[in-house]
Structure formats: C-alpha cells, structure tokens
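The structure appears right after this line, and notes come after that.
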Amino acid sequence: MNKGSAFAAAASSDSSIDYSPPKSHPTSAASRWNPRNWGWKAWAVAAAGLIILIIIIVVPAVVVTEKNDNAYPNYTSLSYSLVDTYSGANFFDNFDYFVGYDPSSGFVQYVSRLSRRNASANTRTQLLQPYRLCRT
C-alpha cells in the first residue's frame, strides 16, 4: 500500500466523526440566578435590596461623621493681620536669593542681581552694535 492510499483510507474513515458543537442539555426550568430569565417582580426585589444595602452603608457613615465634631477645626473665629508688605519698587528687596550652581546637580547657575545687571548691560551693548559684513 502506498502512502497516498493510506491517507485516502484515513480521510474516508474520519467522515463518520461529528464535528458539530455539542447539544445543550435541556433543563426543566430556567435558572433563577440568570438575570435574563427574571420577571418584573424579581427585578423589583433586586432593586429594593440594592437600595436597602446603600442605606445600610450610607446612614452609619453619616451618623459617625456628625458625632465627630472635632473632625475639622473651626476656622471662622481666627483673625488675621498683615505682618509684611511686599509691593512697589522694594518688592524684591525682602527676598533671600541663592547664588551658585544648582544644588540638585542641574544645568543652572544662579547669579546675583548685580552680576545679572552687568551681564544684561553687556548683552544690550552687544545687541546695539551694528552688524559688519565681511567679504572674503
């Protein structure tokens, strides 16, 4: 027997196998745990149960919160008064400035106001100079 005939014989014997999906088993009654089978009475009972469960959770939480009067301080009796005024030309005079390289190892170097003024004055004078064209 050659290989081709053996394959043909095997293929013909497989034709008796049923490859269709299994049949569902019939049940005498629909499952009451499947919501697709519920009527309006079952849905009403489920909704009522859910509402009761929410009430059981929310009401004690509200009662406990109302009992704890010290949960949040009462800020209405505090009085405030102005201690320092930062305004006008001396606004930046009351701050402490850091001068040096970035302490978090960044790429920033902080400079003083005086050195920044000098640098900006140099930049302004450089920008005001006319451009010169060079021919080579």
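We did not get these values from a lab; they are worked out from the coordinates using the rules stated. Since we're looking at a predicted model, the values are computed, not measured. Note that we place each Cβ from the backbone using ideal geometry, even for glycine, and neighbour counts take in every protein chain shown.
Observations
- Loop-located chymotrypsin sites (Phe, Trp or Tyr not before Pro) across the stretch 25-115 with a Cβ neighbour count of 14 or fewer within 10 Å are TRP33, TYR75, TYR80, TYR86, PHE95, TYR97, PHE98, PHE107, with loop assigned by DSSP.
- Residue exposure sequence - VAL64, VAL111 - by fewest surrounding Cβ within 10 Å: VAL64, VAL111
- Pairwise label distance in nanometres, SER81 with SER105, each label 7 Å out on the Cα-Cβ vector: 4.8 nm
- Residue separation of SER112 and TYR97 scaled by 0.36 nm, minus their Cα-Cα distance, works out to 4.7 nm of gained length.
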